[in-house]
Amino acid sequence: MEEVKHLNREVTMRELEATLKWFKSDKSSSSDGWSVEFYLAFFEALGNDLLKVTKECKKSGHMHGAINTTFIALIPKSDNPSSYNDLSHLPL
């Protein structure tokens, strides 16, 4: 029951900023190419909007497609890969 309360509680600005700091700063969180470092550098200006989007996603249970986009790079583990198992996959 305590876990449900934790999941249902309101997201705070402090939690949002702490979550951004948890990610590697040079990684891009979406296809827009803006890195986490960018969001942290401009957090004072962007924080309220980011929090609003975060709360809306949590409330509606739906994440806009542009936010929920991932690119995957397949990297060969050998010189002649012949199956998916011969590839490593890394999110970009």
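Since every read-out is calculated from the coordinates, none of them should be taken as a lab result. What you see is a predicted model; the values in this text were computed from it and never measured. Here the Cβ positions follow ideal geometry from the backbone for every residue, glycine too, while neighbour counts run over all protein chains shown.
What residues qualify as long-range amide H neighbours of LEU87, i.e. H under 5 Å apart, gap of 5 or more or another chain, H built at 1.01 Å from N?
Those qualifying (amide H under 5 Å, at least 5 residues apart or on another chain) are LYS77.
Rounded to the nearest 0.05, what FRET efficiency do ALA66 and MET1 have when you use their Cβ-Cβ distance and R0 = 30 Å?
Result of the calculation: an efficiency of 0.25.
Below 12 Å, Cα to Cα, which aspartates and glutamates can LYS24 reach? Residues fewer than 8 away in the same chain don't count.
GLU37
Per residue of the stretch 6-21, in order, report the coupling 6.51 cos²θ - 1.76 cosθ + 1.60 (Karplus, θ = phi - 60°) as ³J(HN,Hα) in whole Hz, putting x for Gly and Pro.
So the J values, rounded to whole Hz, are 4, 5, 8, 6, 5, 6, 10, 4, 4, 5, 4, 5, 4, 5, 4, 5.
Tell me the label-point distance for the pair GLU17, LYS77, using the 7 Å Cα-to-Cβ offset, in nm and rounded to one decimal.
4.3
Compute the FRET efficiency between LYS59 and TYR84 as 1/(1 + (r/R0)^6), taking r as their Cβ-Cβ distance and R0 = 35 Å, and round to the nearest 0.05. Intermediate results must be reported in sequence, preceding the final value.
Numbers: r = 38 Å, r/R0 = 1.07.
Between LYS59 and TYR84 the formula returns 0.40.
Can you spot the lysines whose alpha carbon is less than 23 Å from LYS21's alpha carbon? Ignore those fewer than 8 places along the same chain.
Within the straight-line limit of under 23 Å, LYS21 reaches these lysines: LYS52, LYS55, LYS58.
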